[in-house]
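Working notes for the structure below.
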Amino acid sequence: MTPKTTREALNAIANHAFFRDHATFLPKEQPAENELWDPLQALMHFQVTTGVQRISLADAERLQAVKDHLRTEFLCPELSLDLLCRRFGLNEFKLKKGFKQLFGNTVFGFVQELKMKSARQMLVEKRMNVNEVADHLGYSSPNHFSAAFKKMFGYPPAKLKAFIAF
């Protein structure tokens, strides 16, 4: 590789979204013309700073308890971040950021996922219609439920009903 190609490759890595958000470029001397360019070596030119704070063991246990609670109470209409914070002894920042960091999903996203999985099960196994499922899950209208279902699975619940109706 030529020095120009090496510079272009380093620039491509430096302009990658991950490095724009999380890395500081530490310039080093240019490689010799006869030196082969190695992508792993190029990554060593970066000092990665994730900015992620560590979660204490106590907070991790509380967040796991929140997740376990959500698995059973995701249909509770009174469910809120404030209620979860008070019940599990976390402030809102730790609940939201810690949950996302630990489980890779937001609290609301996790609840939404549980609702949609439950909806799919009701449609398939219990043979409930879309209106019944929407009402059971607490949606204000079947249209809102259908939109959320389609967003999660990529197809509307009516299509699922058509697939299983044989």
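Looking at Lys150, is it under 20 Å from the mean Cα position of the chain (by Cα), surrounded by 13 or more Cβ atoms within 10 Å (Cβ to Cβ) and touching a residue at least 12 places away in the same chain (Cβ under 8 Å)? Considered against the rule, which asks whether it is under 20 Å from the mean Cα position of the chain (by Cα), surrounded by 13 or more Cβ atoms within 10 Å (Cβ to Cβ) and touching a residue at least 12 places away in the same chain (Cβ under 8 Å), Lys150 comes out as no. Here Tyr139 clears all of (1) of a type outside the set (A, V, I, L, M, F, W, C); (2) assigned to a helix (DSSP H, G or I); (3) touching a helix residue (DSSP H, G or I) at 6+ places or on another chain (Cβ under 8 Å) except the condition numbered (2). When the residues of the stretch 71-125 are filtered to those that are assigned to a loop (DSSP other than H, G, I, E, B) and among the aliphatic types (A, V, I, L, M), the one that is most open to solvent (accessible area, probe 1.4 Å) is Leu75. The residues in the stretch 129-147 that are aliphatic (A, V, I, L, M) and surrounded by fewer than 18 Cβ atoms within 10 Å (Cβ to Cβ) can be counted, and the count is 1. Would you mind finding the one in Leu95, Leu90, Leu79 that is farther than 30 Å from Phe163 by Cα and touching a Cys at 6+ places or on another chain (Cβ under 7 Å)? It is Leu95.
Exactly one residue out of Lys67, Lys117 is under 26 Å from Leu57 (Cβ atoms) and within 21 Å of the chain's Cα centre (by Cα), and it is Lys67.
The values are calculated or read from the model by the stated rules, or taken from the named source; none is laboratory data. Since we're looking at a predicted model, the values are computed, not measured. Counting neighbours? That spans all protein chains shown, and the Cβs are built from the backbone with ideal geometry, glycine included. For the accessible areas, the whole protein counts, side chains as well, though only heavy atoms, and no ligand, DNA or RNA atoms are used. Shrake-Rupley method; radii C 1.70, N 1.55, O 1.52, S 1.80 Å.
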